[in-house]
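The structure appears right after this line, and notes come after that.
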Amino acid sequence: MVIWASAMLATSFGLRLPRFGAPTWVRQQFGGALLALREQPAAVRAGAMGLLTTLLPCGWLYTFVVTAGGTGSAISGATVMLAFWAGTIPMLLSVGLGVQQIARPIARHLPVASAILVFALGALSIAGKLRPIGNHGMMSHSAPAAHVVP
């Protein structure tokens, strides 16, 4: 996070950094498909992106997928997934459109602001992981004092 944010800040202030591409095996396996997808209409690209979002780690999505699978019926499972879709689309749409409206006046400053935020969160994360726990830099294993009933 810190490295990415530093690179984003550097490029936003005009510093040119070398670009790193995908590993060779990724380009060989998926490069042609991605180039072909780039040439498709926006609706096709959006559909492909929507299908790829199923690969994201989302607890709610997987809860509904397991529930749909547990119904034992393709129709019932599809109905469960349709309910999930119908419940999430309005919220995702309203948040997306709302953020666009709110962010419009400050849109040109968002890349730098988000890079600073990511940098700060990354630095805080690192600081929290490196902070000693206990007296000697290790986790303390002392148990709380036992409550003695007279």
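The values are calculated or read from the model by the stated rules, or taken from the named source; none is laboratory data. Predicted, not measured: the structure shown is a model, and the values here were computed from it. Virtual Cβ from ideal backbone geometry, glycine too; neighbours counted across all protein chains shown. Side chains are part of the model used for accessible areas, which takes the heavy atoms of the whole protein and leaves out ligands, DNA and RNA. Shrake-Rupley method; radii C 1.70, N 1.55, O 1.52, S 1.80 Å.
So which of ILE133, ILE102 is of a type in the set (Val, Ile, Thr) and modelled with pLDDT under 80? First the steps, then the outcome.
On the way: ILE102 fails: modelled with pLDDT under 80.
Only one candidate passes the filter, namely ILE133.
Within region 99-113, the residues that satisfy the criterion of being over 21 Å from THR53 (Cα atoms) and either open to solvent by less than 100 Å² (accessible area, probe 1.4 Å) or in contact (Cβ under 8 Å) with a residue 60 or more places away in the chain (or both) are ALA103, ILE106, ALA107, HIS109, LEU110, PRO111, VAL112, ALA113. Among residues of region 53-64 being hydrophobic (A, V, I, L, M, F, W, C) and outside any loop (DSSP other than H, G, I, E, B), the one that is most open to solvent (accessible area, probe 1.4 Å) is TRP60. Pairing each residue of region 15-26 that is closer than 19 Å to VAL112 by Cα and touching a residue at least 60 places away in the same chain (Cβ under 8 Å) with any residue that is of a type in the set (S, T, N, Q) and surrounded by fewer than 10 Cβ atoms within 10 Å (Cβ to Cβ), provided the two are 6+ apart or on different chains, yields no C-beta distance under 7 Å.
Conditions (1) out of contact with any Pro (no Cβ under 7 Å at 6 or more places or on another chain); (2) of a type in the set (Phe, Trp, Tyr); (3) modelled with pLDDT under 85, marked per residue:
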residue	(1), (2), (3)
TRP25	yes, yes, yes
ALA33	yes, no, yes
GLY47	yes, no, no
THR54	yes, no, yes
THR71	yes, no, no
VAL80	yes, no, no
ALA83	yes, no, no
GLY87	yes, no, no
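Across region 10-52, what is the number of residues that are assigned to a helix (DSSP H, G or I) and either open to solvent by 60 Å² or more (accessible area, probe 1.4 Å) or in contact with a Phe, Trp or Tyr (Cβ under 7 Å, 6 or more places away or on another chain) (or both)? Outline the logic, then answer.
From region 10-52, those assigned to a helix (DSSP H, G or I) are 10-12, 24-38, 42-52; that's our starting set.
If we keep only those that are either open to solvent by 60 Å² or more (accessible area, probe 1.4 Å) or in contact with a Phe, Trp or Tyr (Cβ under 7 Å, 6 or more places away or on another chain) (or both) too, we end up with 11, 24-25, 27-30, 33-35, 38, 42-46, 49, 51-52.
Of the residues in region 10-52, 19 are assigned to a helix (DSSP H, G or I) and either open to solvent by 60 Å² or more (accessible area, probe 1.4 Å) or in contact with a Phe, Trp or Tyr (Cβ under 7 Å, 6 or more places away or on another chain) (or both).
Among residues of region 69-84 that are more than 16 Å from THR54 (Cβ to Cβ), those with a beta-carbon under 6 Å from a residue that is open to solvent by less than 60 Å² (accessible area, probe 1.4 Å) and not in a loop (DSSP other than H, G, I, E, B) at least six positions away or on a different chain give the pairs THR71/GLY77.
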